[in-house]
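Reading through the structure tokens given below for one structure.
The values are calculated or read from the model by the stated rules, or taken from the named source; none is laboratory data. Nothing here was measured: the structure is a model prediction, and the numbers come from that model. So basically every Cβ, Gly included, is an ideal-geometry build from the backbone, and we count neighbours across all protein chains shown. Each accessible area value is taken on the protein alone, full model and side chains, heavy atoms only, with ligands, DNA and RNA left out. Shrake-Rupley method; radii C 1.70, N 1.55, O 1.52, S 1.80 Å.
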Amino acid sequence: IVVMVLRRAAAAPVEPVAEEMVVVPEGEFVFQQTGRRTLPEFWIDKYEVTISQYDEFLKALAADPRRARAWDHPDQPSSKKSHKPLNWDGFLAAARSGGEVDKQRVDVNCPVVNVDWWDAVAYAKWKGRRLPTEEEWEKAARGDAGNAYPWGDEALPGAANLGDDFDSLGMTGGKTDGF
């Protein structure tokens, strides 16, 4: 995979967003449209892990390389030597300067990309958390009734990055949802 990183004139710095978690109440929910399941109450991050948040994780690993392995999953393959995503340095530089990656503007509050499951596990462990189970993820994303979207079954332009106005050339996309 080749990622094109373009830099523009320095934009005003974007302040990193604060982390926020939300509670998902206990109770029944539709699981995979096949039946009902019950889960106890749990907490989940309201937003995806941002570039800025993931950068703090990588800085912590670099600051104490001997301790860095403590965050790895016990079954992580020995061939996996780093949690640094592919093309990270260019991607981070573009995010810090308000530049573009693949003709899409990025900043430090955009979701981190190119992380694998091992990276996600290590990040969550470093934060003192864990990844949600499949059931927890589905309940949080679809609600108790198994909706197509958290808010219901109808797409609401502007409510999420639904890709409705994606433009691979980066010329007109993002007018509806900001992405």
**Prompt:** Does segment 44-66 contain at least one residue that is modelled with pLDDT of 95 or more and more than 22 Å from the chain's Cα centre (by Cα)?
**Reply:** yes
**Prompt:** Taking residue 118, is it hydrophobic (A, V, I, L, M, F, W, C), out of contact with any strand residue (DSSP E or B) (no Cβ under 6 Å at 6 or more places or on another chain) and in contact (Cβ under 8 Å) with a residue 40 or more places away in the chain?
**Reply:** yes
**Prompt:** Which of the residues that make up segment 116-125 are of a type outside the set (D, E, K, R) and in contact with a helix residue (DSSP H, G or I) (Cβ under 7 Å, 6 or more places away or on another chain)?
**Reply:** 122, 123
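Given the condition of a type in the set (A, V, I, L, M, F, W, C), open to solvent by less than 20 Å² (accessible area, probe 1.4 Å) and either closer than 18 Å to residue 59 by Cβ or under 16 Å from the mean Cα position of the chain (by Cα) (or both), answer yes or no: does some residue in segment 127-146 qualify?
no
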